[in-house]
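Worksheet: one structure, shown below.
The values are calculated or read from the model by the stated rules, or taken from the named source; none is laboratory data. Fair warning: this is a prediction, and the values are worked out from it, not measured in the lab. Each accessible area value is taken on the protein alone, full model and side chains, heavy atoms only, with ligands, DNA and RNA left out. Shrake-Rupley method; radii C 1.70, N 1.55, O 1.52, S 1.80 Å.
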Amino acid sequence: MTENENGFEENLKELEAIVNRLEGADQPLEESLRDFERGIELVRQCSHALNNMQLRIEQLTVSEEGEVLRTPIEPQELNTGGGERDEPE
């Protein structure tokens, strides 16, 4: 696991803990506000990390000559179930 993945995982765990505290509503309003602000910061950090990871995702393909090629996956392809890709017409 790389340093970025560790940071993402840690941020996500902290965000989950904040959500649990906010849902419990067992803390003073001022603490809830601080948690909310920290949560927004963590969401932004996680979103940024995910965007960076998405840019790094590549699909391995093999050319007709048997050479392994790397081609970026288009963002809309990430939403499909990982089946075969349709070739553009």
Legend entry - Those residues of region 58-77 which are at pLDDT below 70, open to solvent by less than 70 Å² (accessible area, probe 1.4 Å) and aliphatic (A, V, I, L, M), in sequence order: 73
Inset, instruction - Being open to solvent by less than 70 Å² (accessible area, probe 1.4 Å) and aromatic (Phe, Trp, Tyr) narrows it down to one of 8, 36, so name that one. - result: 8
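For (1) of a type in the set (A, V, I, L, M, F, W, C); (2) modelled with pLDDT of 95 or more; (3) assigned to a helix (DSSP H, G or I), each residue gets a yes or a no:
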{"position": "6", "(1), (2), (3)": "no, no, yes"}
{"position": "23", "(1), (2), (3)": "no, no, yes"}
{"position": "26", "(1), (2), (3)": "no, no, no"}
{"position": "30", "(1), (2), (3)": "no, yes, yes"}
{"position": "38", "(1), (2), (3)": "no, yes, yes"}
{"position": "50", "(1), (2), (3)": "yes, no, yes"}
